[in-house]
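The values are calculated or read from the model by the stated rules, or taken from the named source; none is laboratory data. Predicted model, so just to flag it, every value in this text is computed and none were measured. Note that each Cβ is placed from the backbone with ideal geometry, even for glycine, and that neighbours are counted across all protein chains shown.
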């Protein structure tokens, strides 16, 4: 039997090559979790679309899918899945908070009916077939302290105000104060 002896310097060299790669892999996971939380905290959820293709961690993927879901029950299922199947100390509090907010919304059915029965209006600043173009406009609007969301519908990315108005006149009055073109959209 032959025993392979590896000189200490060669072994040290190999370790020094492997450790940074392992460290970067661990660091990358933390960076995405932290970045996800920062985007949510700053209410720039639309930026998660850029991360979606780079994320490989199941907990991060599931949370991003939940945050970008337009269907409340589907988002709740994804948050529960993340908590149950892919626990993550960084993202668990976000999932729990979103589930609590969802449950609170469901429990106040009378309030929900009142809100849904009211007429609501928002401002739309643009509609794009390209997410990148929608994000660019959203960034310019955010720089001017205009809170917006990107809403996807039928292959189009619509940049709309977060502010909701109960009358068309209120929406038009607010629109006139802004340095951007917009038009009033009636939400049903």
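Based on what the data block shows, is residue 105 touching a helix residue (DSSP H, G or I) at 6+ places or on another chain (Cβ under 7 Å), assigned to a helix (DSSP H, G or I) and modelled with pLDDT of 85 or more? No; evaluated as a whole, the condition is false for this residue. Does the stretch 62-92 hold any residues that are assigned to a helix (DSSP H, G or I), within 21 Å of residue 49 (Cα to Cα) and free of Cβ contacts under 8 Å to residues at least 12 places away in the same chain, and which are they? Residues satisfying the conditions are 73, 74, 77, 92. Of all residue pairs spaced 6 or more apart or on separate chains, those with beta-carbon atoms under 9 Å, a first member in the stretch 151-164 that is at pLDDT 85 or above and a second member that is assigned to a strand (DSSP E or B) and exposed (fewer than 14 other Cβ atoms within 10 Å of the Cβ) are 164/187.
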